[in-house]
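None of the figures in this text is laboratory data; all of them are computed from the coordinates on show. It should be emphasised that the depicted structure is a prediction, and the values quoted were computed from it without experimental measurement. We place every Cβ from the backbone using ideal geometry, glycine too, and count neighbours over all the protein chains shown.
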Amino acid sequence: MTHEETPGDETPRSALPRDEAPHDKMPRNELPRGALLPDAADVDEARMALALKAAVDAAESGEVPVGAVIFHRNRLVARAHNQRETLQDPTAHAEILAITQAAAALGSWRLDDCTMYVTLEPCAMCAGALVLSRMPRLVFGARDPKAGACGSVLDVLSCEQLNHSVEVTSGVLSEPCGLVLREFFQERRRK
Ligand SMILES: [Zn+2]
């Protein structure tokens, strides 16, 4: 009988009790907050990549590149990007458009069992809309030190006086999510 062993590990994996399966050997401090298993982090990154694609679409149409997707369990129910310029609407942030799409897709204003993935930390308006939609979980990419309302400037989502709190995971693909914004503004300054 042969089996794979990590160097220095005398115990055959097959002999380990279930609770000490290989994922337990992952350094825990490398997992993003809120991720229970490495698998969960992979899923978050794959879904954030879809939001990032929407952000790139925004940049191509001259909009500040912020993208959002919403999953209801494992089904994509919304995909939107910022459209403030196109619609000349100050509320046309990616998150608001995505929440409206998801509610229409599910036929319910309550977005139970949904998770939003957005490339930039939501502002106060969008954080408020997340609370109103009863979204259980938010995953965002880059922080917004100027207007972020999920811990940076305000912390709307963990306000105990409100009747709903949202579980937040931050920093998922934060580098590319921030880069697409920086490149957009650099490009705009050159023009
Ligand atoms: Zn917003």
Check: C-alpha center the stretch 166-191 vs C-alpha center the stretch 73-121, spacing in Å is 18
Packing-ranked peptide list from 133-143, 181-191, highest mean Cβ count within 10 angstrom first, is 133-143, 181-191
Expressed as a whole-number percentage, the relative contact order of the stretch 96-138 with C-alpha contacts under 8 angstrom and at least six residues apart is 51
Taking 122-131, 61-70 and ranking on average Cβ neighbours within 10 Å, highest first, one gets 61-70, 122-131
Per-residue Cβ contact counts at 10 Å, fewest first, order Cys150, Cys159 as Cys159, Cys150
Taking 0.36 nm per residue of separation between Val153 and Arg110 and subtracting their Cα-Cα distance, the length gained on full extension comes to 12.8 nm
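Restricting to Cα pairs below 8 Å that are 6+ residues apart, what does the relative contact order work out to for the stretch 91-182? Please round to a whole percent.
Working: 159 pairs, mean separation 24.9, N = 92.
Taking the mean separation of contacting Cα pairs over the length of the stretch 91-182, I get 27 percent.
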